[in-house]
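The values are calculated or read from the model by the stated rules, or taken from the named source; none is laboratory data. Remember, it's a predicted structure, so these values are computed and weren't measured experimentally. In this analysis, Cβ positions are derived from the backbone assuming ideal geometry, glycine residues included, and neighbour counts consider all displayed protein chains. Quick note on the areas: whole protein, heavy atoms, side chains included, nothing else; ligands and nucleic acids left out. Shrake-Rupley method; radii C 1.70, N 1.55, O 1.52, S 1.80 Å.
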Amino acid sequence: MKLVSAETKIRIDLSKCQYEILEEVVSDLKWDNDNFEKPDIIWQDSALNPMSLSLLSPYQRINHFPGMYAISRKDYLAKHLKAMEQLHKSEFEFFPETWVLPQEYISLKTHMASNTNAYYICKPPNLSQGKGIFLTKWISDIPENCVVQKYLENPYLLDGFKFDLRLYVLVTGFDPLRVYIHEQGIVRLATIPYAKPTDTNIHNIYMHLTNYAINKNNPNFVHNKNYSEDFVGHKRSFKSFLKALEEDGHNIKKIMARIDDIVLKTLCTVQPFIVNLYRTSQPNDTSSAVCFQILGFDILLDYKLRPSLLEVNHTPSFTTDSPLDRKVKKAVIKDCLKMIAAKPECQKKFLREHTDYLIERSFHSFYRVKLVKSERREKFLKHQIEMETTFHGGYRKIYPLNNIEKYQKYMRDAEGVYSSKARRRNRESEIRCVPRLRKSSADKRFIIDDNKNQNRRRSCVTRISLVPKVVQIKINNDFIGGARA
Ligand code: ADP
């Protein structure tokens with residue numbers, strides 16, 4: 001399969017992207033980069049809101065999903081994972097014990113009172129790069145609005161240093177879910193040898209935090225100077241790290257399987273929410289392929305090499321300060337662009353088919369239109385998945401494989417949590433507005449209007465299944481993915 005036909009030159013808009021590496025990749029691919037009115041692909045650094053998504057045509061592509069803040073904000077991520085943990089206790093214990101303040105202040109206070117020797121890490125909910133993070137064991141130090149986690153005291157060490165892993169996960173669709181993880185990633189080391197937290201060392205950020213943004217300021221920081229030496233210094237390649245573990249006799253397949261599981265469970269918790277935002281912003285898109293996204297998953301390994309999720313970054317940095325950064329990030333971006341570049345080639349075909357679809361809609365019954373829509377969707381998905389399979393580069397598919405049922409269960413449960421939250425929000429807004437309407441007016445018209453509103457609200461929370469049924473798609477007898485039935 002060819003990436004694009006000879007006459008098709010992909011038009012990408014990088015005007016809202018600050019990273020030089022993107023321009024470099026686009027020039028390597030020989031694509032047109034300009035501020036086009038209707039580009040085929042838009043790559044922007046900032047998040048995407050549903051309104052901006054609704055302005056895009058179904059054949060365009062953009063590098064964000066709306067609503068990703070649901071896992072990238074530390075407080076929302078904690079709330080989602082805790083809700084799932086209540087349903088699947090041990091299966092969601094990959095996240096450090098967490099309290100979101102002010103709501104869980106009493107619970108935290110009780111925990112701290114009965115664990116007086118334990119240390120906690122306190123994080124602002126909406127900041128990154130280690131900003132505002134500190135360790136403590138005293139409740140009086142903790143601000144009113146923050147996320148507090150039990151400090152994981154026994155990390156796996158590299159040359160005596162604490163480290164975390166930045167892994168790149170590509171989501172090419174949420175409806176149905178399609179997820180890949182890149183073989184390249186970055187191992188980020190602290191710059192002072194690790195010691196368990198004590199009252200005297202907890203303020204040493206170069207010992208306890210592994211953020212590059214922090215540690216690069218330590219004069220001890222050893223920069224990578226040559227990509228071929230990717231297992232020295234305070235930033236190393238994930239590939240070389242896995243190789244070193246394997247040489248030491250560790251089972252890296254088992255470690256990766258655990259990491260894949262963490263990634264998928266985390267995405268499952270927000271899948272119904274993101275599908276809902278997507279469908280409301282792009283009601284005419286039968287392919288569900290406008291959005292794709294590279295997420296940065298930050299993972300900490302404990303002394304037994306068991307992974308824990310620290311956070312998910314929806315705008316991972318693509319700054320390239322060293323040859324190692326350049327090599328890793330270039331591969332992550334280039335492989336992603338090659339995989340999603342199928343769309344522009346289909347543009348003309350799409351427009352033709354869309355016209356056919358509109359004609360169908362005006363002449364045929366609702367059921368006939370639904371059928372046409374689902375046939376088109378399946379056809380498109382098949383093509384898309386074929387592209388993803390052919391041009392995956394360093395990305396390894398982690399969903400869907402023979403794990404569909406396992407993760408569909410989590411998506412269904414997440415949908416239940418999401419619908420019950422929506423119902424509760426609606427009830428609360430009813431309680432808030434009904435007395436006001438009654439008080440403000442004895443006029444019957446308001447009460448009638450209010451009843452109408454209630455009905456409308458009720459209809460909003462009617463359960464729509466957002467978890468797509470998945471059927472197998474086979475190409476040359478190989479199972480390559482799922483599409484909505
Ligand atoms: P940020 O978004 O600011 O980078 P993180 O949640 O990733 O915030 O935390 C920053 C650093 O703090 C991590 O890279 C890690 O080294 C350390 N850290 C975070 N949470 C924990 C924890 N629960 N236990 C031990 N170390 C942690």
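Share of carbon and sulfur in the accessible area of the stretch 111-162 stands at 49%, probe radius 1.4 Å. The largest accessible area among 73, 236, 423 belongs to the first residue in 423, 73, 236, and the rest follow in falling order (1.4 Å probe, all chains). Indicate the gyration tensor shape class of the stretch 176-238 (rounded, prolate or oblate), computed on the Cα atoms with a ≥ b ≥ c the square roots of the eigenvalues: a/c under 1.5 is rounded; otherwise a/b larger than b/c is prolate and the rest oblate. Since a/c reaches 1.5 but b/c is at least a/b, the shape of the stretch 176-238 is classed as oblate. Overall, the accessible surface of the stretch 29-99 at a probe of 1.4 angstrom is composed of carbon and sulfur to the extent of 49 percent. Solvent exposure of the stretch 101-245 amounts to 42 Å² per residue of accessible area, where only protein heavy atoms count and the probe is 1.4 Å. Once you reduce the stretch 245-299 and the stretch 32-46 to the center of their Cα atoms, the two points are 24 Å from each other.
Calculated on the Cα set of the stretch 1-145, radius of gyration then Dmax: 22.2, 69 Å. Take every pair of alpha-carbon atoms less than 8 Å apart whose residues are at least six positions apart; their mean separation over the length of the stretch 1-115 yields a relative contact order of 17 percent. Per-residue packing, averaged as other Cβ atoms within 10 Å, sorts the ranges 179-186, 149-156, 9-16 into the order 179-186, 9-16, 149-156, beginning with the highest. Residue pairs exceeding 25 angstrom between C-alpha atoms, taken from 235/265; 150/196; 131/397; 162/239; 16/329; 82/382: 235/265; 131/397; 82/382. Sorting 398-406, 113-121 by average packing, meaning the other beta carbons within 10 Å per residue, from highest down gives 398-406, 113-121. With coordinates expressed along the principal axes, the C-alpha atoms belonging to the stretch 175-297 extend over 56, 36, 28 Å, beginning with the largest.
Express in nm, to one decimal, how much length is gained between residue 35 and residue 159 on full extension, taking 0.36 nm for each residue of separation and deducting their alpha carbon distance. So the extension gain works out to 39.9 nm.
FRET efficiency for the residue 401 to residue 15 pair, using the beta carbon distance and R₀ = 41 Å, is estimated at 0.65.
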